[in-house]
1. Suppose the Debye formula is applied to equal point scatterers at every Cα of segment 200-239; what is log10 I(q)/I(0) at q = 0.17, 0.19, 0.31 Å⁻¹?
2. Leaving out ligands, DNA and RNA, what percent of the accessible area of the chain is carbon and sulfur, probe 1.4 Å?
3. Accessible area, 1.4 Å probe, largest first: how do 123, 57 sort?
4. From the backbone phi of segment 24-36, what are the Karplus-calculated ³J(HN,Hα) couplings (6.51 cos²θ - 1.76 cosθ + 1.60, θ = phi - 60°) in whole Hz, Gly and Pro given as x?
5. So what is the 222 nm mean residue ellipticity for the chain from helices alone, if each DSSP H run of at least 4 adds -39500 (n - 2.57) and you divide by all residues, rounding to the nearest 500 deg cm²/dmol?
6. Rank these residues by their accessible area, most exposed first, probe 1.4 Å: 265, 108.
7. Local charge sum around residue 49 (other residues, Cβ-Cβ under 15 Å, Lys/Arg +1, Asp/Glu -1)?
8. Going from the alpha-carbon gyration tensor of segment 74-115, what semi-axes, largest first and in whole Å, does one get by taking the root of 5 times each eigenvalue?
Amino acid sequence: MDTVANNRSAAEADGKDTTLIYRQSRWTRLTHWIWAFSLFFMLLSGLQIFNARPQLYIGKQSGFEFNNTILQIGAENTANGPRGFTEIFGHRFDTTGVLGWSGLPGQETPRAFPAWATIPSYYDLGTARVVHFFFAWILTTTLLVWLIASLVNGHIRRDLAPRVSDLRKLPRDIVDHAKLKFHHTREYNTLQKMAYGGVLFVLLPLMIVTGLAMSPSMDSVLPWLNEILGGRQTARTIHFTVMVLLVLFFIVHILMILAAGPINELRSIITGWYRTDPPAKHDQSTERSA
């Protein structure tokens, strides 16, 4: 009988629950919650900052004399009174009550994102910048330390890097997720590895880089950064797009947690302990005959 079977038999003899495993280390759990809180405050303060100029451009220049606006949120006077609108690539949509024109009945004001979605809720660009930059540096520092530590201890190679066998399982993983059929194991499945890898190695670094490119104080330190990204306005647009992608990831992430079993998933990321699927009967018989 192999080592795994021996360990399982010993655990069963001791009356231990072999399906409950220690899956998430303290460091993984700590960084997860630091990033979650940081991104929450960065999102809401970032929307407040966006309200100061609720337009996005492509290129190095912006203004009324240029025709490079790809997104605009605002309000306009109509025959029916003030209305909020969102314009994307020249296509305008009425978003009154949510974007452009919002507030309590009789107290509506023109603002891109509503008060309940920004920090602070009232217009205060200075406070929003302080909050945004504070949590941005926390996120950046933690991500850098995590990256170095994960390279040293092999966490990236062992748990996050997709292998050839993972890519072969990708079609099956997609079908299983579409059917809400989840396998609870110690290892991440292929879709999890790709999603987490995309966030950790693409979206978060891109958000940090574009954030630095928008900072005038960084022009003297990294003067080439704006040129690579196509200008400060393009960097701002990329920054906003990454934010939208992270919000979409969060929504899908929460939905998957609810579908896969919220108690088990939350226990894993809070305490580290995770309940896996019981071993299949054919696996048990194989182990007994080994």
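The values are calculated or read from the model by the stated rules, or taken from the named source; none is laboratory data. Because the structure is a prediction, the values reported are computed rather than measured. Because the Cβ atoms are built from the backbone with ideal geometry, glycine has one as well, and the counts that use them run over all protein chains shown. Heads up: the accessible areas ignore ligands, DNA and RNA and are worked out on the full protein's heavy atoms, side chains in. Shrake-Rupley method; radii C 1.70, N 1.55, O 1.52, S 1.80 Å.
1. For the requested q values the scattering log ratios are -0.36, -0.45, -1.03.
2. Reported share for carbon and sulfur atoms: 66 percent.
3. Largest accessible area first, the list is 123, 57.
4. In residue order, the calculated couplings are 10, 6, 4, 5, 4, 5, 5, 5, 4, 6, 4, 5, 4 Hz.
5. -17500 deg cm²/dmol
6. Solvent-accessible surface, decreasing: 108, 265.
7. With Lys, Arg at +1 and Asp, Glu at -1, the net is +4.
8. 17, 12, 6
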